[in-house]
Amino acid sequence: MEKYQIGDIVYAKLGTFPVVGTIVAVDTKAEKYLVRFSAVQQNWYAEEELIPYQQK
């Protein structure tokens, strides 16, 4: 559960689309990361549901 830290940029699925978001919180008990996509959209994800963002 130490793969990502607050501020890391990741790909996560929001509905059916992969979206770029930022890790804004970590829940070590539930082993989930809170990823924010915009000012009003965010969701909790397990580590295996996230992919590191790589700028092209």
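The values are calculated or read from the model by the stated rules, or taken from the named source; none is laboratory data. Quick caveat, the model's predicted, so the values are computed rather than measured. We place every Cβ from the backbone using ideal geometry, glycine too, and count neighbours over all the protein chains shown.
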Restricting the range 1-22 to residues that are of a type in the set (A, V, I, L, M) and in contact (Cβ under 8 Å) with a residue 24 or more places away in the chain, the one nearest to PRO52 (Cα to Cα) turns out to be VAL10
Filter the range 1-27 for residues that are modelled with pLDDT of 95 or more and among the polar types (S, T, N, Q); the one that is surrounded by the fewest Cβ atoms within 10 Å (Cβ to Cβ) is GLN5
Requested in this report: Examine the range 1-12 for a residue that is of a type in the set (Ser, Thr, Tyr) and out of contact with any Pro (no Cβ under 9 Å at 6 or more places or on another chain), and state whether such a residue exists.
Outcome: no
How many residues of the range 19-46 are in contact with a strand residue (DSSP E or B) (Cβ under 9 Å, 6 or more places away or on another chain), closer than 13 Å to ILE6 by Cα and of a type outside the set (Phe, Trp, Tyr)? The answer is 11
